[in-house]
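The values are calculated or read from the model by the stated rules, or taken from the named source; none is laboratory data. Predicted model only: the values in this text are computed from it and were never measured. For neighbour counting, all protein chains shown are included, and Cβ atoms are generated from backbone atoms with ideal geometry for every residue, glycine included. These accessible areas exclude ligands, DNA and RNA; they are computed on the full protein's heavy atoms, side chains included. Shrake-Rupley method; radii C 1.70, N 1.55, O 1.52, S 1.80 Å.
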Amino acid sequence: GTGNLEWFLPADAYPSIYLSTLHQEDVQHCQRVFPGATVFQYDYLNDDVDSVFDDQSLFDQVRKKPDNLLRDLLNPDIKWIIFINPPFATAQKAGYSGASKKSVSETKIRPLMHQQGLGEVSRELFAQFLFRIRQEFAGKEAHLGLFSTLKYVNANNDQKFRDQVFQFGFEGGFVFSSANFSGTQAANPFPVGFLVWDLRRRKPLENQKMEVTVL
């Protein structure tokens, strides 16, 4: 996007920031706003997926990641903070309304989720983001700050995803109304959360006490 999640970070943090975004015009915007940061055009659900999910070195294949990011990902001493506000689009089943969303989830990540028997959650783009993040940052000291709806925490359709993929340590967070976002329907608000997770601390969500601040 346009770097809203990083807007208030101090300028001396810019050399440590990697910003990836889907559209070239957003790359140009972020390069102006965050001088010294590494900004690059990237499709996280399709680019470099093969190199992330097989046993070959990240340097052995053609890839779109910048070389400095590849080197840092291989450095065990680096600590990571991941900020995302992933898209909430979901591919519609046959017979449902919303034909324009029919193929939105046809990415390189989706068949990998099917292979693990994750079912309907593989149609949801935000779940695909989390699926790749779990793989890409496995074993690294990393925290994930995630803006999203709360269905990955409590929806019945996401139970397989919680059982097999999303078993991270809850750190804290807050929830607020979707009505705060422009373009959402104020008459039908739903809760949106910003939750922080420790990716190295593996624990089923059912075994954790989760308390959040309501704003």
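Return the single residue from D43, D67, D26 with maximal mean-square fluctuation; model: Gaussian network over the chain, springs between Cα atoms under 10 Å. Between D43, D67, D26, it is D67 that shows the largest mean-square fluctuation. Largest accessible area first, the residues M210, M113 order themselves as M210, M113 under a 1.4 Å probe with ligands, DNA and RNA left out. For a paramagnetic label modelled at 7 Å from the Cα of N180 toward its Cβ, which residues of segment 138-155 fall within the zone defined by backbone nitrogen distances under 13 Å? Answer for this model: 147-149. Residues D54, D77 ordered from highest to lowest accessible area at a 1.4 Å probe: D77, D54.
Using Cβ point charges alone (K and R +1, D and E -1), the dipole size of segment 137-188 about the Cα centre works out to roughly 120 debye. Shape summary of the chain, radius of gyration then Dmax from alpha carbon positions: 17.6, 52 Å. Diffusion coefficient (Stokes-Einstein, Kirkwood radius over C-alpha pairs, 20 °C, 1.002 mPa s) for segment 13-52: 200 µm²/s, rounded to a whole number.
Taking every protein chain into account, the accessible area of segment 1-59 amounts to 58 square angstrom per residue (probe 1.4 Å). For segment 8-17, the Karplus equation 6.51 cos²θ - 1.76 cosθ + 1.60, evaluated at θ = phi - 60°, returns couplings of 9, 6, x, 4, 6, 8, 4, x, 9, 9 Hz by residue, with Gly and Pro reported as x. Only Lys, Arg, Asp and Glu carry charge here, each on its Cβ (+1 for the first two, -1 for the last two); on that basis the chain has a dipole of about 560 debye about its Cα centre. Charge dipole of segment 163-215 (Cα centre as origin; +1 on each Lys and Arg Cβ, -1 on each Asp and Glu Cβ, all else neutral): 140 debye, rounded to the nearest 20. Computed extension length for N188-N157: 9.0 nm, one decimal, from 0.36 nm per residue of separation with the Cα-Cα distance subtracted.
Between E206 and K140, the contour length at 0.36 nm per residue exceeds the alpha carbon distance by 21.4 nm.
Extending 7 Å from Cα along the Cβ direction at Q28 and again at T2 yields two label points whose distance is 1.5 nm. Ranked from largest to smallest solvent-accessible area, with a 1.4 Å probe on the protein heavy atoms, I78, I133 come out as I78, I133.
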